[in-house]
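What follows is calculated from the coordinates using simple rules that are stated; it is not laboratory data. Remember, it's a predicted structure, so these values are computed and weren't measured experimentally. Backbone-built Cβ (ideal geometry, glycine too); neighbour counts: all protein chains shown.
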Amino acid sequence: MNSLSNRSLVDIDRDNLIHPVVSFRGHEKHGPRILESGQGMWLTDIDGRRMIDAFAGLWCVNVGYGQESIVAAATEQLRKLPYATGFFHYGCEPAIRLAGELCALAPEGLNHVYFTLGGSDAVDSAIRYIVHYWNAVGQPQKKHFIAQVNGYHGSSSLGSGLTALPHFHRNFDLPRPWQHHIASPFPYRHPEGHDPAALIAASVGALEAKVAELGAENVAAFFCEPIQGSGGVIVPPRGWLKAMREACTRLGILMVVDEVITGFGRTGPMFASLEEGVSPDLMTMAKGLTSGYVPMGAVMMADHVYQGIADGGAEALPIGHGYTYSGHPVSAAVALECLRLYQEGGLLANGVDVGGTFAAHFERLKDHPLVGDVRSRGLLGAIELVSDKQARTNFAPELDVAGRLAQLTWDNGVIVRCFANGAIGFAPALCCSHGEMDEIFARIDRTLEQLLAMPDIRAAMR
Ligand code: PLP
């Protein structure tokens, strides 16, 4: 074993740290980009370079970096009681208060919360509770789950089969035979995408057809994101979520809305479901819950699901689902402070206000020769680059537009998500000022001009 002191951070990283969602060999060559500190919208790396973060870490730091009141809340809780289990009827004040606040803020009917460590285990918990529920209410044959193409529901052994991104399936023996996917409600690429009403009808039709194929009596639940995030920020037409809710009710299947990205002001309101008056049967959340300052997620459950599970066995039998860190007091204290910052702290309102500037930049970029599609809601959006605007063709994979964009944006000091198909994803923190939003897009404009000036990119364009 090498002694740590003789090795640089880069070497230790290459030798010892497995990074999420990279090619192992690719990362060995690329090496890490080591971030050191953050303040507001800005990050500084280990070499002292300052960058504006237009992606809120990984669409999670909704309050921005350096919020001292969160540091104080965490520190106070660490001193007072750093850990309390929720097992065996124990509990702690922050987790109980947080459960109460979330139930007050969430869509009507979501009256129960189970806390997790992040989004993947919130999805995993939802799957487990749904299986338990249908067994408990005497419909044990309801085992099939339906999700959507381009959907992302995390990386747990079960959830990653509902995720529909090929890298999450390849060599992982997924999806399982009980996991199914219907078409994505993607306005830019769906055959009915030009007409919002037709696209909504097509989505409802696809769900009905899949349920008919499997038999409604065999289908447990439908999982969806209000806006598909990791699949490329795909924004369905307004009214889509409500139509899917109504379809699930009609079909007798549970609806799980995965608000891991869209929750906590990302699209404007506290939850995207609220905007359409949708009450899911279960709702998953994470990211903005603690703004990434410490890990935490949650699955919320409607009363009828809770009651079904509660009455499903002998009264004294425990429901065997639990994590050591469920309802962790420090995470809960941080979440409570985040909720205060979103509301009394004015961050939700600021997000809506600066969202106007965000949308205006998107509108302007529509006319750029490289841009085929722009799509956004609130402070969540993407621009998709194409080689042929008319035919909506993405650049050929061998041109590695995503890799070039990742390098150019890094060199230009702006952090965004560069999707493999050449889309650029944005999720700036809710604390962003109008001036900072302009700064983000000045750096994006520069990036697009630099890409456009590359001879092979120009040659590929029609
Ligand atoms: N669900 C959605 C919609 C997500 O976007 C994510 C993460 O990006 C997850 C679940 C998984 O969350 P986590 O990475 O916290 O496990």
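The table for this structure:
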quantity	calculated
Residues satisfying the stated conditions in the range 26-67, i.e. assigned to a helix (DSSP H, G or I), over 25 Å from the mean Cα position of the chain (by Cα) and loosely packed, with under 13 Cβ neighbours inside 10 Å	E28, K29
Lone unmet requirement of (1) touching a Phe, Trp or Tyr at 6+ places or on another chain (Cβ under 7 Å); (2) closer than 28 Å to V21 by Cα for T393	(1)
Pair list, Cβ under 7 Å, 6 or more apart: the range 357-376 residue without any contact (Cβ under 8 Å) to a residue 40 or more places away in the chain and farther than 10 Å from K389 by Cα, other residue charged (D, E, K, R) and surrounded by fewer than 16 Cβ atoms within 10 Å (Cβ to Cβ)	V374/K366
Some residue of the range 80-101 being of a type outside the set (K, R) and either within 16 Å of the ligand (Cβ to nearest atom) or under 22 Å from L254 (Cβ atoms) (or both)	yes
Hey, D281 over 29 Å from F55 (Cα atoms) and crowded, with 16+ Cβ neighbours inside 10 Å or not	yes
Those residues of the range 159-188 which are buried (at least 21 other Cβ atoms within 10 Å of the Cβ), within 14 Å of the ligand (Cβ to nearest atom) and not small (G, A, S), in sequence order	L162, T163
The range 371-384, residues that are in contact with a helix residue (DSSP H, G or I) (Cβ under 6 Å, 6 or more places away or on another chain), surrounded by 21 or more Cβ atoms within 10 Å (Cβ to Cβ) and over 20 Å from A272 (Cα atoms)	I383
Pairs with Cβ under 6 Å, 6+ apart, first in the range 122-139 and free of Cβ contacts under 8 Å to residues at least 40 places away in the same chain, second within 15 Å of the ligand (Cβ to nearest atom) and in a helix (DSSP H, G or I)	D124/G159
Positions within the range 198-238 being under 29 Å from G422 (Cβ atoms) and either of a type in the set (D, E, K, R) or away from the ligand (no atom under 16 Å from the Cβ) (or both), in sequence order	A198, L199, I200, A202, S203, A206, E225, P237, R238
Filter pass, G151 being small (G, A, S) and more than 21 Å from R176 (Cβ to Cβ)	no
